[in-house]
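Okay, structure first, notes after.
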Amino acid sequence: MAQGLRERLIGAWKLMCCVEKPVDGSAPIYPMGEEPQGIIMYTPDGYMSAQLMHPGRPKFASGDWFRGADEEIKEEALGYIAYSGPFHMDEEKQHLTHSMFVSLFPNWLGQTQPRVVKIEGDMLHLSTAAPIKSGGKETNSYLIWKRAEPNI
């Protein structure tokens, strides 16, 4: 029997591409740079966690994660996306949702957001199902993930 989409989704995936396409047709935006780093994980018991970052973020001069200068804290937050919580899959409709139990972006707390999902071999394609506001523009986000090698 062939695996369903949910079973194929379970595991860890490494970020390969993160691009936002403005709905006004302007040039694509790479909010985490053109070589982003990140991981998204889906657990068998129905939880997920996503961590995305812009590589090369500057270290805090103080070395203390609670004592960064204002500009350091700003750069830290602008170059990172993180959220975790339950996920739900409707196999029949091929719909995936992420519910934000915790999030670096406080506006997402408590939200459930739909995602467009497609798995081709060891590649996971995720995108927003509706435009989001990013950098002052309405954009659609497209992310490509590659299944992570087992760490055992």
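The values are calculated or read from the model by the stated rules, or taken from the named source; none is laboratory data. This is a predicted model, so every value here is computed, not measured. So basically every Cβ, Gly included, is an ideal-geometry build from the backbone, and we count neighbours across all protein chains shown.
Residues are listed down the side, and each one gets a yes or a no for (1) among the acidic types (Asp, Glu); (2) touching a residue at least 60 places away in the same chain (Cβ under 8 Å):
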{"site": "GLY46", "(1), (2)": "no, no"}
{"site": "ARG57", "(1), (2)": "no, no"}
{"site": "ASP64", "(1), (2)": "yes, no"}
{"site": "ALA69", "(1), (2)": "no, no"}
{"site": "MET89", "(1), (2)": "no, yes"}
{"site": "TRP108", "(1), (2)": "no, no"}
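Considered as a group, the residues in the stretch 122-152 that are among the acidic types (Asp, Glu) and within 15 Å of LEU9 (Cα to Cα) include one that is nearest to the chain's Cα centre (by Cα), and that residue is ASP122. No other residue among LEU109, LEU96, LEU124 is closer than 18 Å to MET16 by Cβ and of a type outside the set (Phe, Trp, Tyr) apart from LEU124.
In the stretch 88-117, how many are touching a Gly at 6+ places or on another chain (Cβ under 6 Å) and not hydroxyl-bearing (Ser, Thr, Tyr)? So the answer is 3. Evaluating ILE119 against the criteria (1) under 13 Å from the mean Cα position of the chain (by Cα); (2) closer than 18 Å to LEU9 by Cβ; (3) hydrophobic (A, V, I, L, M, F, W, C) leaves one unmet condition, (1).
For (1) modelled with pLDDT of 95 or more; (2) under 21 Å from GLN3 (Cα atoms), each residue gets a yes or a no:
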| residue | (1), (2) |
| --- | --- |
| MET48 | yes, yes |
| ASP70 | no, no |
| GLU75 | no, no |
| TYR83 | yes, no |
| MET123 | yes, yes |
| SER127 | yes, no |
| ALA130 | no, no |
| ASN140 | yes, no |
| TRP145 | yes, yes |
